Amino acid sequence: MTALTLSTAAAPGLRADAIVIGVAKGAASKSGGLVVAPGAEAVDKAYDGKLAGVLETLGASGAEGEVTKLPAPAGFKAPLVVAVGLGAEPADAKDGAYDGEALRKAAGVAARSLAGSKKAAFALPLGDAGDIGAVAEGVLLGAYAFDAYKANGKDEKNKKNDKNGKAPLAEAALLGGKPRDKEHKAAIERATAVAEELNRARDLINTPPNDLTPESFAAIASAAGKEHGIKVQVLDEKALTKGGYGGILGVGSGSAATPRLVKLSYTHSKASKHLALVGKGITYDSGGISLKPAGHNETMKCDMSGAAAVFAAVVAAARLGLQVNITGWLALAENMPSGTAVRPGDVLRMFSGKTVEVLNTDAEGRLVLADALWAASQEKPDAIVDVATLTGAMVLALGNRTFGVMANDDAFRTAIVEAAEEVGEPSWPMPLPEHLRKGMDSPTADIANMGERMGGGLVAGLFLREFVGEGITWAHLDIAGPAFNEGGPFGYTPKGGTGSAVRTLVRLAEVTAAGDLG
């Protein structure tokens, strides 16, 4: 992973492969001319104050995600200047008050564009420790690449990641950051912990399903628990059978890879709140007997993104030493068709004791989550949040970059949306209309796993609510859209697994630890 340092050195004398600066669309003029962002004053001075004009001549506009490279001026030890767009210039830009997400995206784009470089100096606007954290996160997330299955990825000395055979940026120095400032150091440490665990979640999502099974995922969680002081309990097929976890067992019954329920417990001696996180972990989803049509199977290794997010968030919280008790539940199974698979029409007796008529075996995520939600409820946490790539309906509603948030408490739903906004993860509050519940009535069982087709994402949320303990605050995050990026990379988001919701969960844990959740 890219090494981060804080530096008070002046840009001209710093030995590096490149100097990264920010540019924006100017707000002062009607034409919206290009402006050089704070932090790059020394670079602009070396161009006799005409850097903006030079960049405009090269076609730069300051648009978000835009990268323009040009030779460094005489006297600089770095040979290259990389100007990255920050979007519109804020009204208070002179004070360095650029939006944290704009800085995060710009740093991510720059880091990705500098693959193959040993060191880059980032002279972006750093108004406070929050900006330092945003830039640091952007660098670490933008430099991510997954090459474990490439031939050159096995050579650690010459490790190469991107499609052009270039290794990720090795080191990033954040100019303007103070190495001895406690707040600045803390911002780097937080960004490192969160980004490293988020990238671990990306690795899990990108791992092919023949290698990432419920058993191997559980083993990875157990190893991380030992490393970071997290208690890990793994329920295998025998334990699940003994405990009556009919949902998880039912979904996993068609696969040779047996299911698991993993419980991760992070505790802090000064904690006064307990937060439970539940993640859907379908390591591969064929749809089961209700087989997915051609063209819908190729990316279904990502159906464990919710469990990956929960796992990453719990480990990050432990690394940060947050004063909150967090229990993570990973509901792991592989959904496959076979002679032993659950059939449409079968009835499962869940861990809660309720029975579910399975009308569609491709609506399996809610079945494993139902058991895990009930298990989490038995500990009476202050709140439960589940995360899942649950419904295509949510993708149709919100697109590929926004996740939906449903809850049994409006204030809690708002708190999660606000946490997501703070960290730069697009989300949207969604309702749980009571009239849709009737569509899941079953003449055979207590409830069916399908209801009305229209509003399918909301129907899934209503199903999950049935398995949350009475009086417990709960929210459901449907990350089906942003969990896996099938298009090209953008900002600090790579192609493939994204690690969606990890930062939101960590921020929620921080807010809970601070006692600000209510």
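The values are calculated or read from the model by the stated rules, or taken from the named source; none is laboratory data. Since this is a predicted model, take the numbers as computed values, not measurements. Cβ coordinates were reconstructed from backbone atoms using ideal geometry, including for glycine residues, and neighbour counts include every protein chain displayed. The accessibility values were calculated without ligands, DNA or RNA, using every heavy atom of the protein model including side chains. Shrake-Rupley method; radii C 1.70, N 1.55, O 1.52, S 1.80 Å.
Annotations for the structure displayed:
- Considering all different alpha carbon pairs of the chain, the Kirkwood hydrodynamic radius works out to 23.8 Å.
- The charge dipole of region 380-505, taken about its Cα centre with unit charges on the Cβ atoms of Lys, Arg (+1), Asp and Glu (-1) only, comes to about 360 debye.
- Relative contact order, whole percent, for region 2-89 stands at 39, derived from Cα pairs under 8 Å and 6 or more residues apart.
- Farthest positive-ward along region 24-136 dipole, Cα basis, beta-carbon charges - from PRO71, ALA83, THR57: PRO71
- For LYS238 and GLU421, a Förster radius of 51 Å and the Cβ-Cβ distance give a FRET efficiency of 0.70, rounded to the nearest 0.05.
- Rounded to the nearest 20 debye, the dipole size of region 27-139 about its Cα centre is 560 debye, using +1 on the Cβ of Lys and Arg and -1 on the Cβ of Asp and Glu.
- Remark: spin-label model distance GLU486-SER442 equals 3.0 nm, labels positioned 7 Å along the Cα→Cβ axis.
- Dipole of region 404-518, positive direction: furthest Cα of PHE490, ILE479, PRO431, with charges on the beta-carbon: PHE490
- Between 0 and 90°, nearest 10: helix 456-465 axis offset from the chain longest Cα axis: 70
- The loop-placed trypsin sites (Lys or Arg not before Pro) in region 439-509, going by DSSP, that have at most 15 neighbouring Cβ atoms within 10 Å of their Cβ come out as ARG453.
- Farthest positive-ward along the chain dipole, Cα basis, beta-carbon charges - from LEU235, ALA145, ALA397: ALA145
- Per the Debye calculation on region 1-106 with a single equal scatterer at every Cα and no solvent contribution, log₁₀ I(q)/I(0) for q = 0.11, 0.13, 0.17, 0.24 Å⁻¹ amounts to -0.32, -0.45, -0.78, -1.45.
- Computed from the Cβ-Cβ distance with R0 of 60 Å, the FRET efficiency linking HIS435 to LYS182 stands at 0.65.
- On Cα atoms only, tilt of 410-423 relative to the major axis of the chain in degrees: 30
- 5 angstrom amide H check on PHE403, placed H, neighbours 5+ away: SER427, TRP428
- Highest mean packing comes first when the peptides 258-269, 102-113 are listed by Cβ atoms within 10 Å, giving 102-113, 258-269.
- Considering only the chain, percent of DSSP beta bridges that pair antiparallel, nearest 5: 40
- Between helix 305-320 and the chain: long-axis angle, C-alpha atoms, 0 to 90°, nearest 10: 60
- Kirkwood radius, region 275-367, all distinct C-alpha pairs, inverse of mean reciprocal distance: 14.7 Å.
- Applying the criteria of a DSSP loop state and at most 12 other Cβ atoms within 10 Å to the GluC sites (Glu not before Pro) of region 443-518 yields GLU470, GLU486.
- Loop-resident GluC sites (Glu not before Pro) (DSSP state other than H, G, I, E or B) in region 333-421 with no more than 16 further Cβ atoms inside 10 Å of their Cβ: GLU379.
- Nitroxide proxy distance, nm - points 7 Å out along Cα→Cβ at ALA170 and LYS45: 3.0
- Linear extension gain, ARG453 paired with THR8, 0.36 nm per residue minus alpha-carbon span: 154.4 nm
- Taking label points 7 Å from Cα along the Cα-to-Cβ direction, ASP516 and GLU470 give a separation of 3.5 nm.
- Potential lengthening between LYS77 and ASP409 on full extension [0.36 nm per residue; Cα-Cα distance subtracted]: 113.8 nm
- In plain terms, the chain from GLU227 to VAL67 could stretch by 53.7 nm, reckoned as 0.36 nm per residue minus the Cα-Cα distance.
- Centroid-to-centroid separation of region 256-333 and region 442-518 [C-alpha atoms, Å]: 11
- Spatial separation of Cα centroids for region 215-239 and region 134-150, in angstrom: 26
- Within the accessible surface of the chain, defined with a 1.4 Å probe on protein heavy atoms only, the carbon and sulfur portion equals 50 percent.
- The distance from the alpha carbon centre of region 334-360 to that of region 1-66 is 58 Å, rounded to a whole number.
- Relative contact order of the chain, defined on C-alpha pairs under 8 angstrom at six or more residues apart (%): 14
- Only the Cβ atoms of Lys and Arg (+1) and of Asp and Glu (-1) were treated as charged; on that basis the dipole of the chain about its Cα centre amounts to roughly 1280 debye.
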